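Comments concern the structure below.
The values are calculated or read from the model by the stated rules, or taken from the named source; none is laboratory data. Just so it is clear, the model here is predicted, and its values are computed rather than measured. Note: ideal-geometry Cβ built from the backbone for every residue, glycine included; neighbour counts use all protein chains shown.
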Amino acid sequence: MPPVSSPILSISGLSKQYKSGHTALGGVDLEIERGEIFALLGPNGAGKTTLISIVCGTVNKSGGTIAMDGEDIAHNFRLARQRIGLVPQEIAVDIFTTVWNTVSFSRGLFGKAPDPAYIEQLLRDLSLWEKRDAKMIELSGGMKRRVMIAKALSHEPDLLFLDEPTAGVDVNLRRDMWALVRKLREKGVTIILTTHYIEEAEEMADRVGVIDGGKVLLVEEKAALMRKLGKRRLTLTLAEPLAQVPAALSDWSLSLEEEGHKLVYSFDAEEDDTGMPALLRRLDDLHIAFKDLDTSRSSLEDIFVELVEKSA
């Protein structure tokens with residue numbers, strides 16, 4: 001990630017209440033650093049799409065401010081919007097227009113001069129070049145999704161929003177999409193993504209934000225988050241299954257899985273005394289034998305689920 005300078009996007013006290021009384025956002029504060037990949041995670045209805053839609057101008061806010069490079073975008077929204085690209089969840093295109101014309105027209109909408117060489121490279125990067133003269137109605141759902149990505153990048157934005165960009169698409173598109181994201185970040189584009197594929201956020205993101213109920217629960221560098229909140233698991237495959245965890249093992253956080261065939265110990269790897277050696281000695285004292293031993297670290301998905309459950 002490039003050296004941190006002033007945030008490219010600053011959101012302060014952002015709220016959205018609908019006439020029905022539903023509060024979609026309840027005072028969100030968030031800063032996005034220039035050149036980073038930021039993953040915004042949350043369950044359905046958490047406020048992710050509402051937040052993105054307000055920044056991109058498709059939904060009106062109820063309160064708060066949004067600044068891009070320190071300037072309130074309300075003062076010059078058109079200029080700010082020219083610097084933002086959006087890949088929405090829904091596919092919305094003119095089905096009777098060709099791929100080339102769709103992407104080129106989108107570039108012109110943002111006041112960019114024609115640049116056929118750039119459009120060609122963009123279509124090649126997204127494996128769309130062979131389909132450049134095809135009409136949108138002729139394309140598969142995956143190909144239409146690729147065109148939506150090309151449209152969002154057509155005007156060379158500084159800040160790119162990807163709202164569930166790979167939901168329901170094929171493996172090849174997901175692979176191409178993330179290769180393109182890496183290439184864009186190398187060019188200095190700042191990327192904010194929402195995704196249900198938490199393993200993608202775990203692989204790609206520099207920082208992670210968790211939103212639920214219209215409030216941001218946590219923002220943290222991914223590595224620091226996993227160090228701070230991640231647990232380790234010691235899984236023992238037992239020689240004989242247990243019906244329940246013996247009372248003599250109550251000093252440890254233990255659970256049984258797979259009908260008593262596996263004994264699982266969750267512990268904090270950052271602690272000086274993990275309790276693991278003492279546990280193994282106690283098992284030996286109790287003549288509880290095991291055939292196999294395995295340790296693993298919590299995934300980002302485990303951490304996400306735990307945070308959301310705590311906020312409920």
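Structure data summary
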| read-out | value |
| --- | --- |
| Among (1) of a type in the set (D, E, K, R); (2) surrounded by fewer than 16 Cβ atoms within 10 Å (Cβ to Cβ); (3) over 21 Å from Gln89 (Cβ atoms); (4) modelled with pLDDT under 90, the one test that Glu240 misses | (4) |
| Filter result for Glu156 (closer than 22 Å to Ile54 by Cα and over 20 Å from the mean Cα position of the chain (by Cα)) | yes |
| Residue in segment 13-22 that is in contact (Cβ under 8 Å) with a residue 40 or more places away in the chain, farther than 23 Å from Leu153 by Cβ and not in a strand (DSSP E or B) present | no |
| Selection count where residues are at pLDDT 80 or above, of a type in the set (D, E, K, R), surrounded by 11 or more Cβ atoms within 10 Å (Cβ to Cβ) and in a loop (DSSP other than H, G, I, E, B), scope segment 258-305 | 1 |
| Considering residues of segment 178-207 that are under 14 Å from Ile8 (Cβ atoms) and of a type in the set (Val, Ile, Thr) only, the residue surrounded by the fewest Cβ atoms within 10 Å (Cβ to Cβ) | Val189 |
| Hits in segment 91-105 (condition: assigned to a loop (DSSP other than H, G, I, E, B) and over 27 Å from the mean Cα position of the chain (by Cα)) | Asp94, Ile95, Phe96, Thr97 |
| Matching residues, segment 89-121, being in contact with a Pro (Cβ under 9 Å, 6 or more places away or on another chain) and within 17 Å of Pro157 (Cα to Cα) | Ser104, Arg107, Gly108, Phe110 |
| Residues being over 29 Å from the mean Cα position of the chain (by Cα) and either in a helix (DSSP H, G or I) or over 16 Å from Gly85 (Cα atoms) (or both) - total across segment 106-146 | 14 |
| Any hit, segment 143-151, residues being surrounded by 16 or more Cβ atoms within 10 Å (Cβ to Cβ) and among the small types (Gly, Ala, Ser) | yes |
| Test: residue in segment 81-90 that is more than 23 Å from the chain's Cα centre (by Cα) and not in a strand (DSSP E or B) | yes |
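Residues checked against (1) of a type outside the set (A, V, I, L, M, F, W, C); (2) closer than 27 Å to Arg145 by Cα; (3) out of contact with any Ser or Thr (no Cβ under 8 Å at 6 or more places or on another chain); (4) in the same structural domain as Ala152 (by TED's automatic domain parsing):
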| site | (1), (2), (3), (4) |
| --- | --- |
| Ala205 | no, yes, yes, yes |
| Lys222 | yes, no, yes, yes |
| Ala239 | no, no, yes, no |
| Val245 | no, no, no, no |
